[in-house]
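This report concerns only the one structure given below.
The values are calculated or read from the model by the stated rules, or taken from the named source; none is laboratory data. Keep in mind the model is a prediction, meaning the values are calculated, not measured. Here the Cβ positions follow ideal geometry from the backbone for every residue, glycine too, while neighbour counts run over all protein chains shown. Keep in mind that these areas ignore ligands, DNA and RNA; they rest on the heavy atoms of the full protein, side chains included. Shrake-Rupley method; radii C 1.70, N 1.55, O 1.52, S 1.80 Å.
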Amino acid sequence: MQPKRSGETAMLHRGGCGLYSAQLGFINRQEAITAMNEPDIEVCRICKPETGLVDG
């Protein structure tokens, strides 16, 4: 989970996404599903963290 910064929206990434390489901010599957339903959190259009989460 990429935290919200001034003027930006928080963003959900897959663990290995090259756009966000922080060593912290990892969440579990249920937390990721919950985050995807929050209006102030976007999903990364590059790594597509929603793929496999809602189907699995």
Inter-residue pairs, beta-carbon under 9 Å, first among the acidic types (Asp, Glu) and in the range 1-16, second part of a strand (DSSP E or B) and modelled with pLDDT under 90, 6+ apart: Glu8/Gln2
Filtered residues of the range 25-37 (kept if open to solvent by less than 90 Å² (accessible area, probe 1.4 Å) and assigned to a loop (DSSP other than H, G, I, E, B)): Gly25, Ile27, Asn28
Members of the range 1-22 that are of a type in the set (A, V, I, L, M, F, W, C) and more than 12 Å from the chain's Cα centre (by Cα): Ala22
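Residue by residue, here is whether (1) surrounded by 14 or more Cβ atoms within 10 Å (Cβ to Cβ); (2) in contact with a Lys or Arg (Cβ under 8 Å, 6 or more places away or on another chain) holds:
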{"site": "Pro3", "(1), (2)": "no, no"}
{"site": "Thr9", "(1), (2)": "no, no"}
{"site": "Gly15", "(1), (2)": "no, no"}
{"site": "Tyr20", "(1), (2)": "yes, no"}
{"site": "Gln23", "(1), (2)": "no, no"}
{"site": "Pro39", "(1), (2)": "no, no"}
{"site": "Arg45", "(1), (2)": "no, no"}
{"site": "Leu53", "(1), (2)": "yes, yes"}
